[in-house]
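Here the structure comes first, spelled out in structure tokens, and everything after it is commentary.
The values are calculated or read from the model by the stated rules, or taken from the named source; none is laboratory data. Since we're looking at a predicted model, the values are computed, not measured. Every residue, glycine among them, receives a Cβ derived from its backbone with ideal geometry; neighbour counts consider all protein chains shown. The area values use the complete protein model at the heavy-atom level, side chains included, leaving out ligands, DNA and RNA. Shrake-Rupley method; radii C 1.70, N 1.55, O 1.52, S 1.80 Å.
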Amino acid sequence: MKNLIHQIETERLVIRMLERKDYSAWLSAFENRHPSQHKYDEGRIDMSICTKEWFEDMIHNHQRKAIEDSVYVFGVFLKEDATHIGSIDFSTIMREDFQWARFGYTIHNQFWQQGYGKEAVKAAISLAFDKLNYHRIEAHINLDNTASIKLAESVGLQYECIRKGFIFEFGEWTDNLIYYINKNTTAGR
């Protein structure tokens with residue numbers, strides 16, 4: 001990746017890499033989260049270590065990983081007032097003949113049930129194909145994460161398989177559902 005200025009806009013959202021000026025909006029979004037709503041929602045978390053310097057180091061790390069083409073982290077912001085409402089990330093699995101990545105999405109729980117997740121993920125899929133030049137992106141979803149499954153399906157991702165013992169979380173190796181979309185798939189775009 002030669003140019004780090006990747007951004008996409010929707011009717012209500014701007015999806016772009018975090019910048020130093022975003023610190024207050026980013027911190028406020030985390031501090032204003034509701035208590036955890038379910039197993040996969042962190043809810044309120046201790047943000048005391050997240051100083052402005054810590055944030056700038058995080059941004060620098062994100063930029064370094066983007067230059068290396070290993071990970072891209074994007075903030076999701078409301079277009080009207082630049083409120084930070086979540087994030088989307090892409091991790092390159094393999095380039096060359098594959099152009100393959102994993103992606104994840106998070107909307108802060110105080111912004112749920114407003115269609116922001118679907119709007120952001122649809123736009124991010126376009127960004128992944130048109131700007132980051134991936135051919136295939138996939139979401140790795142816990143078997144009981146109903147909200148994430150519904151979101152993936154609503155934007156055109158297709159169920160592929162269950163990968164057994166795929167990720168170490170909650171103190172054990174857990175299975176994940178694999179949902180994918182290819183660049184030439186028209187659903188969701």
Task: Tally of residues being within 15 Å of the chain's Cα centre (by Cα) and assigned to a loop (DSSP other than H, G, I, E, B) across the stretch 56-70 - done: 1
Task: Check on VAL71, touching a residue at least 40 places away in the same chain (Cβ under 8 Å) and either β-branched (Val, Ile, Thr) or touching a Cys at 6+ places or on another chain (Cβ under 8 Å) (or both) - done: no
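Please state which one of TYR72, TYR40 is modelled with pLDDT under 95, surrounded by 13 or more Cβ atoms within 10 Å (Cβ to Cβ) and hydroxyl-bearing (Ser, Thr, Tyr).
Being modelled with pLDDT under 95, surrounded by 13 or more Cβ atoms within 10 Å (Cβ to Cβ) and hydroxyl-bearing (Ser, Thr, Tyr) holds for just one of TYR72, TYR40, which is TYR40.
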- [ ] Collect the residues in the stretch 25-54 that are under 18 Å from the mean Cα position of the chain (by Cα) and under 24 Å from VAL14 (Cβ atoms), keeping them in residue-number order.
- [x] ALA25, TRP26, LEU27, ALA29, PHE30, ARG33, ASP41, GLU42
Open item on the list: Taking the condition of being among the hydrophobic types (A, V, I, L, M, F, W, C) and surrounded by 21 or more Cβ atoms within 10 Å (Cβ to Cβ), how many residues in the stretch 132-150 meet it?
Closed with: 3
Task: Evaluation of VAL73 against (1) assigned to a helix (DSSP H, G or I); (2) within 16 Å of TRP26 (Cα to Cα) (one fails), failing number - done: (1)
Open item on the list: Looking at the stretch 76-100 only, could you name the residues that are closer than 22 Å to LYS183 by Cβ, of a type in the set (Val, Ile, Thr) and either out of contact with any helix residue (DSSP H, G or I) (no Cβ under 7 Å at 6 or more places or on another chain) or assigned to a loop (DSSP other than H, G, I, E, B) (or both)?
Closed with: THR92, ILE93
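Could you please give the count of residues in the stretch 113-131 that are open to solvent by less than 40 Å² (accessible area, probe 1.4 Å) and either free of Cβ contacts under 8 Å to residues at least 40 places away in the same chain or among the aliphatic types (A, V, I, L, M) (or both)?
8
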Open item on the list: Condition first: in contact with a strand residue (DSSP E or B) (Cβ under 6 Å, 6 or more places away or on another chain) and open to solvent by 30 Å² or more (accessible area, probe 1.4 Å). Now tell me which residues in the stretch 92-101 satisfy that.
Closed with: THR92, ILE93, MET94, TRP100
TODO: Tell me which residues, restricted to the stretch 113-166, are among the small types (Gly, Ala, Ser) and outside any loop (DSSP other than H, G, I, E, B).
DONE: GLY117, ALA120, ALA123, ALA124, SER126, ALA128, ALA139, ALA147, SER148, ALA152, SER154, GLY165
Task: Subset of the stretch 102-112 [of a type outside the set (A, V, I, L, M), open to solvent by 20 Å² or more (accessible area, probe 1.4 Å) and in a strand (DSSP E or B)] - done: ARG102, TYR105, THR106
